[in-house]
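The values are calculated or read from the model by the stated rules, or taken from the named source; none is laboratory data. Quick caveat: nothing in here was measured; it's all calculated off a predicted structure. Cβ atoms come from the backbone with ideal geometry, glycine included; neighbour counts cover every protein chain shown. Keep in mind that these areas ignore ligands, DNA and RNA; they rest on the heavy atoms of the full protein, side chains included. Shrake-Rupley method; radii C 1.70, N 1.55, O 1.52, S 1.80 Å.
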Amino acid sequence: MSILITGGAGYIGSHTCVELIEAGKDIVVIDNYSNSCSESLERVKKITGKDFRYYECDIRDREGLEKVFAENEIEAVIHFAGLKAVGESCQKPWEYYDNNIAGTLVLVDVMRKNGCKKMVFSSSATVYGEENQVPFVETMKTGTTTNPYGTTKLYIENILKDIYNADNEWSIVLLRYFNPVGAHESGLIGEAPSFPNNLMPYVSQVAVGKREFLSIFGDCYNTPDGTGVRDYIHVVDLALGHVKAIDFALPRTGVEIFNLGTGNGVSVIGLVKAFEEANNVSVPYKIVEPRAGDVAYSYANAQKALEILGWKAERDVKKMCEDTWRWQKNNPNGYAN
Ligand code: NAD
Ligand code: UFG
């Protein structure tokens, strides 16, 4: 029996493939390579020394999915596939709703027709919205999302809850990620955005000399140094959280939500300083206008994952910065070389 990883060639997916294989699981990957390439999967094979099947397949492609289910015995799905750029989602809402929501509906339909009713889904802390106060707890009512990307995550959570309510044979785990950063220690896989959306890729591109300076979006928030505070989590810790989540989902039915974060908040300037110190590099920055939709604080209450999954983030900010830098230095153009 295998675990199907949708979007497995992507940043979090590729790291999760490594940890699943290291934990002795059999995996099959599908990806349409809209934001990745198969080289990341070749590198997963290199790191683990294990072979596995992967398919170029879109989650909206019913026939393609049927073929994958026919050729493999899939017992559960970890569903990463999705578009994730907040800004782009405001320009292209139709594409985001179609890819993320319509795609999930096709996937769920093919799964149930094949008797596979176990799914771990990549949700986001963005579903807490602007109304809730940190630290965010899973029991809080979800908030108002501020962009179509966030709305797709909230809708998919609700869709999956309804799917379970109508058919109690499903086992669904909703993982709300905070801010994934870092890279595999080998320096072979990491985040390779064609255009960065998040803070850490910008920091490392400034450090490597690809960009002149970092723009910090506002220093007038009600935080200790005025810059936004986030819960940065090492992508390998996040990946290990998926191994725990799939082991939790397999023998059960129901819907369970877990925050995957460290529970610690770090400011933008705090992360820049940590990166400079950890790697002995300089990251010049300028303070610019705040970015629309940003909140002052976002960090997790990470207790539930500890108590129920036995999972806790172990890697500190220094390690996040060191591993990001190793990946960036070894692969200045991502997987392009
Ligand atoms: P990523 O873009 O690196 O990975 C997503 C993968 O899905 C890519 O390889 C892409 O090619 C693939 N994909 C997209 N649409 C597809 C489709 N229709 N069919 C098949 N494959 C498709 O992003 P990531 O950072 O690894 O994120 C993985 C998941 O986690 C996403 O669902 C994302 O929304 C969610 N998430 C990410 C973050 C973050 O900050 N990185 C935070 C919260 C949640
Ligand atoms: N920031 C800068 N300059 C940059 C980029 C970011 O100052 O060039 C700041 C932001 O203002 C924010 C912090 O760095 O204070 C983190 O920003 P990111 O864009 O890295 O991450 P966000 O917290 O805005 O968003 C992330 C994911 C979303 C997810 C959200 C959930 O990108 O997918 O967390 O909380 F929805």
* To do: State all residues of region 289-310 that are assigned to a loop (DSSP other than H, G, I, E, B) and either in contact with a Phe, Trp or Tyr (Cβ under 8 Å, 6 or more places away or on another chain) or more than 21 Å from A245 (Cβ to Cβ) (or both); if no residue qualifies, say none.
  => E289, P290, R291, A292, G293, D294, V295, A296, Y299, N301
* To do: Tell me, yes or no, whether region 262-281 has at least one residue that is outside any helix (DSSP H, G or I), within 14 Å of ligand 2 (Cβ to nearest atom), open to solvent by less than 80 Å² (accessible area, probe 1.4 Å) and modelled with pLDDT under 95.
  => no
* Unique residue being touching a strand residue (DSSP E or B) at 6+ places or on another chain (Cβ under 7 Å) and closer than 17 Å to K329 by Cα when the list is Y202, Y285, Y232 -> Y202
* To do: Report, ordered by the first and then the second residue, all pairs with beta carbons closer than 7 Å, sequence separation of six or more or different chains, a first member in region 160-178 that is within 29 Å of N198 (Cα to Cα), and a second member that is in a helix (DSSP H, G or I) and within 16 Å of ligand 2 (Cβ to nearest atom).
  => L174/E157; L175/G241; R176/A125; R176/V127; Y177/A125; Y177/L238; F178/A125
* Asked: If you take the residues of region 16-69 that are part of a loop (DSSP other than H, G, I, E, B) and basic (K, R), which of them is surrounded by the fewest Cβ atoms within 10 Å (Cβ to Cβ)?
  -> K50
* Those residues that are part of a loop (DSSP other than H, G, I, E, B), hydrophobic (A, V, I, L, M, F, W, C) and at pLDDT 95 or above, I need them from region 204-261; list them, please. => F213, C220, L250
* Do you know which residues across region 224-246 are open to solvent by 20 Å² or more (accessible area, probe 1.4 Å), in contact (Cβ under 8 Å) with a residue 60 or more places away in the chain and either of a type outside the set (K, R) or touching a Cys at 6+ places or on another chain (Cβ under 7 Å) (or both)? -> L240
* To do: Kindly provide the set of residues from region 156-183 that are open to solvent by 30 Å² or more (accessible area, probe 1.4 Å) and either within 13 Å of ligand 1 (Cβ to nearest atom) or under 14 Å from the mean Cα position of the chain (by Cα) (or both), ordered by number.
  => N179, P180
